Every structure is written in structure tokens, then in C-alpha cells.
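Structure, as C-alpha cells:
The values are calculated or read from the model by the stated rules, or taken from the named source; none is laboratory data. The model shown is predicted, which means the values in this text are computed figures rather than measured ones. When we count neighbours, we look across all protein chains shown, and the Cβ atoms used for this are built from the backbone with ideal geometry, even at glycine. In case anyone asks, the SASA skips ligands and DNA or RNA and just uses the protein heavy atoms, side chains included. Shrake-Rupley method; radii C 1.70, N 1.55, O 1.52, S 1.80 Å.
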Number of protein chains: 2
Amino acid sequence: MYKKDFYNMHADICKTISNPNRQAILDNLRDTEMSVTELIKKTGISQANLSQHLSILRSKGVVNTRRDGNNIFYSISNPKILQAYDLLSEVMQELFQNKQRTVNDAIVGNK
Amino acid sequence: MYKKDFYNMHADICKTISNPNRQAILDNLRDTEMSVTELIKKTGISQANLSQHLSILRSKGVVNTRRDGNNIFYSISNPKILQAYDLLSEVMQELFQNKQRTVNDAIVGNK
DNA sequence: TTAATATATTATAATATTGTTATATTAAAT
DNA sequence: ATTTAATATAACAATATTATAATATATTAA
């Protein structure tokens, strides 16, 4: 596989989880499957919009589905997705702390 | 911090690395700093576009810069960014393998 | 001081992503 | 067979992202 293809695929999977609503979905599915109705309640996302986001996650293989009667249950397909999610949380926090420190240094005037 | 803010920030940092050209940049900076000119050569991205992507990475704190004479050297600010990058590579590969397997099952007709 | 090199910025057109509204599908219950 | 509840899809407007072309800035060299 050529590097460009790799970068494209990588960016694609990364983009799939790069949306606040989809982050909320994944966070709610962290350790349990959940029906769409439950997800609506938990996330507050509108039905149509949630369904669209679930469709994106599903089409990329990030979540799996299971029908039980009238409900469809969504779950995360691969635990590494959550590992990546959590690692990015750490990165985010550390970047945020650095920014805070920079601002503080600027105010206090020390380096 | 409210969950919505968290998801927004998380998605934001995630979006920052969700672009094939920025992936290429990060991959090239993996274990060395590099000047813009070097990055142009290595990645094949146009000067203006590369500069824009570097600007995005810089503004989000993902890379640091150092001027040396006429050159500006870029480097990755936090090793966890690469850890996250690599973990997402694994996720990508595993998702890809699953998809391959599914296609194969469909062709062969076994489950 | 001017020229050359390295990098950044701005404007813009093309494309992609997002959320909303309205409508369709699917399965279960009556 | 209808009705109801759960979920999906389509159409669309608003916004964001992207790459290109043109121009500007900054540092060194001549």
C-alpha cells in the first residue's frame, strides 16, 4: 500500500471519530451496548441526526448493530477504538495544560 | 468542565490530525525535527498548503517551532500524539482486515 | 541597500460536513 | 389489516475544510 493511501485511510478513520456528537455516542457505548432510543435520551441528540451519526460510525466499522425486536442495539466494534479515544483525551488535557501554563507565564511575566 | 465542552475539545484535537497531509507531516516528524523546505521535499505538498497545515498544527499545540537562521524547524510537541496516531493505525488495520474477511465470507459463502 | 531564499498570509473556488425538517421503512401490538 | 413505536433516509441550507494562486514578510548574502 502506498503512503498516500495509508494517510487517506488513517485520516478517514480519524475523521470518523472527530465529531462531538460521535464522541458522545462512543463515550456512552463505552462499556455497554445501547439502543437508539436510549442514546437519544443520554446524548440529547435529535433522532434524525443521531441516526445519521450512527450510520456513519456503522459504515466505517466503528460500531456493530444487533436487532432485538423493535430496537436496534449499537456497540463499539473494537476496544482499541476506545483506547485511541482515551489516549487522545490525555493528549488534549496535556495540550490544554501547556496552554494554560503559557498564559500564566505571560501574565506573571516569568519564563 | 461540561461534557459538551469536553467532546468539543476532544473532537477538535482529533480533527487536527484528521487530514492526510497533516498525517504525512506528523509521520515525517516522527523522530526528527524538520524544516519547511525539507518537509516540502519529503511530502510533496505545495509550499503554501504545507504552510497552512503547519499553521493549523501549531495553533493547536501539536507541533513546536524553532527558527535557525532562515529556516524554521517543526517538531512534534508531545510523544503521546504519535502514540495516538499509531494506535489509530492499528485500529484502521484491524477494521480493514474485518472488512476484507467479510467480503471474503460473502464470496466463499461460509460464515 | 538590494537580491535571494525561506516561510507565512490572504483571497477564493470547490468540496465536505453538519443539523433540521419532512418522509419512509420496519417490526410489533392491537 | 391498522396502528404504533423505533429507526432510517432524503432534501436542503448553513458552515467548515481544502487546495491553489497570488502576494507579503523575514532573514541572510552579496
For region B:1-77, state the semi-axes of the equivalent ellipsoid (square roots of 5 times the eigenvalues of the alpha-carbon gyration tensor), sorted largest first and rounded to whole angstrom.
-> 25, 13, 10
To the nearest 20 debye, the protein assembly as shown has a Cα-centred charge dipole, built from +1 on Lys and Arg Cβ and -1 on Asp and Glu Cβ, of 380
Charge dipole (debye, nearest 20) of chain A; +1 at Cβ of Lys and Arg, -1 at Cβ of Asp and Glu | 260
Expressed as a whole number of Å, what is the distance separating the alpha-carbon centroids of region B:1-44 and region A:53-75?
-> 29
For chain B, which whole percent of the accessible surface, found with a 1.4 angstrom probe, sits on carbon and sulfur atoms?
-> 48
Most fluctuating of B:Lys99, B:Lys60, B:Lys15 in the GNM of chain B (C-alpha, under 10 Å) is B:Lys99
Heavy-atom SASA rank of B:Ile40, B:Ile17 (probe 1.4 Å, accessible area, largest first) | B:Ile40, B:Ile17
Provide the solvent-accessible area of A:Phe96, counting protein heavy atoms only and rolling a 1.4 Å probe, rounded to the nearest 10 Å².
-> 90
Once the other residues with Cβ under 13 Å from the Cβ of A:Leu29 are scored (Lys, Arg +1; Asp, Glu -1), what is the net sum?
-> +1
With every protein chain in place, the accessible area of A:Asp27 for a 1.4 Å probe, in Å² rounded to the nearest 10, comes to 40
Seen from all sides and averaged, what is the projected area of the convex hull of the Cα atoms in the protein assembly as shown, in nm²?
-> 15.7
Relative contact order of region B:1-77, pairs being alpha-carbon contacts under 8 Å that are 6 or more residues apart, as % = 31
Cut-off 14 Å between beta-carbons: net charge of the residues surrounding A:Leu95, Lys and Arg +1, Asp and Glu -1 = +3
Here the whole-number average of other chain Cβ atoms within 10 Å per Cβ of A:72-82 is 2
Residue-averaged beta-carbon neighbours from other chains (10 angstrom radius) around A:94-101 | 3
Chain B, accessible area per residue, ligands and nucleic acids excluded (1.4 Å, Å²) = 58
Calculated [θ] (222 nm, deg cm²/dmol) that DSSP helices of n ≥ 4 give over the protein assembly as shown, each run adding -39,500 (n - 2.57) = -22000 deg cm²/dmol
For an R0 of 41 angstrom, estimate the FRET efficiency from the Cβ-Cβ distance between A:Ser75 and B:Gln52 and round to the nearest 0.05.
-> 0.60
Would you mind telling me which residue in B:Asp68, B:Asp31, B:Asp12 has the biggest mean-square fluctuation in a Gaussian network model of chain B, where springs connect alpha carbons within a distance under 10 angstrom?
-> B:Asp68
Contour excess over end-to-end distance, with Cα ends at A:Arg66 and A:Gln100 and 0.36 nm allotted per residue = 7.8 nm
Where does each of A:Tyr74, B:Tyr85, B:Tyr2 land when they are ordered by accessible area, with a 1.4 Å probe and the largest first?
-> B:Tyr2, A:Tyr74, B:Tyr85
Interface residues of region A:8-32, defined as losing at least 20 Å² of accessible area versus the chain alone with a 1.4 Å probe, are A:Asn8, A:Met9, A:His10, A:Ala11, A:Ile13, A:Cys14, A:Lys15, A:Ser18, A:Pro20, A:Gln23, A:Ala24, A:Asp27
With springs only between Cα atoms under 10 Å, which of A:Asn78, A:Asn70, A:Asn19 fluctuates most in a Gaussian network model of chain A?
-> A:Asn70
Probe 1.4 Å, all protein chains in place: accessible area of A:Ser18 in Å², nearest 10?
-> 10
